[in-house]
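What follows is calculated from the coordinates using simple rules that are stated; it is not laboratory data. No experiment lies behind these values; they were computed from the predicted model shown. Cβ placement follows ideal geometry from the backbone for every residue including glycine, while neighbour counts extend to all protein chains displayed.
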Amino acid sequence: MTSTPTIKSYPPDIGKLSRVKGGVAGLLIGDALGVGTQWYYDLDQLAQDYGPWIDTYKDPAVNGSHGFANISHYRYEQGVRAGDLSQTGQVIVLLLESLASCDGFVLADFLERLDDFFAPLSGESFSGRYTDELMVDLIKMRRTGLHWGDPQIASGCDTTEGAQFVSLLALAIDDPVELVNAAGKLLQTFYRESFIRQNTLVFALVVQAMANSIPLIELPGYLTGMAKRSEVMSAIQRYDNLLTPGNGQVAWQTDTVHIDPALHISQVYGMDCQLVHQLPCAYYLIHRYPDQFEQGVLSAINGGGNNMARAALTGVLLGAMNGLESIPDHLLKGIHDSDRYLMLADMMREQ
């Protein structure tokens with residue numbers, strides 16, 4: 001027989017703009033924390049190169065001990081340093097700029113900016129700040145002459161970049177139907193697999209719920225309530241997709257489930273880049289640390305593997321839950337150009 005856990009709560013009285021700016025900052029903080037420490041699948045090697053607990057931004061290792069040391073070395077040679085964003089982070093900023101300058105989400109404007117961003121890249125992985133699978137696929141298809149919107153452009157990959165992109169839409173758009181329509185257009189352009197698109201849309205709905213002050217304990221009911229909204233379910237398709245975020249409540253079952261330290265959640269669900277491994281980690285961490293932005297994001301980073309994506313997904317949720325004021329200055333100010341990103345977040349909400 002188990003006892004009822006004590007459930008911490010995040011502050012309910014935070015203004016919407018603070019939640020939006022906290023979400024934007026959390027997304028980019030997670031990205032920047034991981035750019036120097038990404039893809040260590042052996043936690044002993046991570047500790048060997050960066051110490052027992054990473055608590056701030058790091059330069060990519062010049063001669064790392066891990067299996068992806070060549071990527072870290074490449075990033076260092078390209079001038080990437082502590083506080084910089086990854087290439088995924090750069091694309092997030094492109095979307096942020098588009099949202100800040102347009103009247104709502106204009107997919108064509110974002111894609112035009114993305115084409116300009118692609119122009120100097122070789123289309124190979126070792127290009128820019130390192131080009132991940134999704135962008136490699138998109139660049140390749142665009143250079144065959146295919147137009148945006150052609151179904152053949154969409155990538156077959158199963159990664160989290162789309163979730164990071166649509167989280168910005170979730171912070172900009174207050175209505176669930178409007179969100180799934182806008183995010184669905186973006187995801188259909190980028191991702192071929194409907195299962196990936198559907199679960200990414202659920203993540204967007206979670207970000208929106210947190211920004212709209214839905215209490216965490218009410219999140220499962222809020223999401224399953226979406227099953228009654230035909231406009232939402234036509235995009236989500238499967239009821240079961242709505243259940244995954246609530247599984248994070250296992251973090252409250254402290255007398256039966258022990259994951260200590262919490263960083264090891266990455267080894268429970270999977271340390272790799274797949275969306276279906278990354279999202280459950282983020283959902284667990286926001287339930288484990290609902291009112292502790294720093295602890296949640298740093299647990300994501302110290303879990304190794306694709307810690308960059310895990311921390312970005314966790315960061316946008318905790319930032320939206322707790323507002324900009326919850327983010328320590330050393331993490332906020334440690335990102336290069338952070339003031340500009342917050343200004344863009346202001347402009348995004350104004351639009």
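Does anything in region 316-343 have its amide N under 18 Å from the 7 Å Cα→Cβ label point of residue 17, and if so which residues? Under cut-off, by backbone N: 320-327, 339-343.
Measure up 140/333; 21/228; 21/333; 140/185 against 25 Å on the Cα-Cα distance and list the ones that go over. Spell out each step's value before the answer.
Details: 140/333 36 Å; 21/228 31 Å; 21/333 14 Å; 140/185 20 Å.
Over 25 Å Cα-Cα: 140/333; 21/228.
Computed from the C-beta positions of residue 53 and residue 147, the FRET efficiency with R₀ = 56 Å rounds to 0.70. Between residue 188 and residue 337, the simple label model (points 7 Å from Cα in the Cβ direction) yields a spacing of 3.2 nm. Note on the chain: helix-only mean residue ellipticity at 222 nm, from DSSP H runs of 4+ residues weighted -39500 (n - 2.57) and normalised by residue number, equals -17000 deg cm²/dmol. For residue 191, the residues whose modelled amide H falls within less than 5 Å of its own, excluding neighbours fewer than 5 places apart on the same chain, are 155. Within the same chain, aspartates and glutamates fewer than 8 places from residue 58 are excluded, and of the rest, those with a Cα less than 13 Å from its Cα are 31, 49, 84. The value of relative contact order for region 210-275, using C-alpha pairs under 8 Å at least six residues apart, is 22 percent.
In a simple Cβ point-charge model (Lys, Arg +1; Asp, Glu -1; nothing else charged), the chain has a dipole of about 400 debye relative to its Cα centre. Comparing 225, 64, 304 in a Gaussian network model of the chain (Cα springs below 10 Å), the most mobile by mean-square fluctuation is 225.
Where does the longest stretch of the chain lie that holds no chymotrypsin sites (Phe, Trp or Tyr not before Pro) found in a DSSP loop with 14 or fewer other Cβ atoms within 10 Å? Numbers along the way, then the final one.
Details: sites that count: 53, 126.
With chymotrypsin sites (Phe, Trp or Tyr not before Pro) excluded where exposed in loops, the chain gives 127-351 as its longest stretch.
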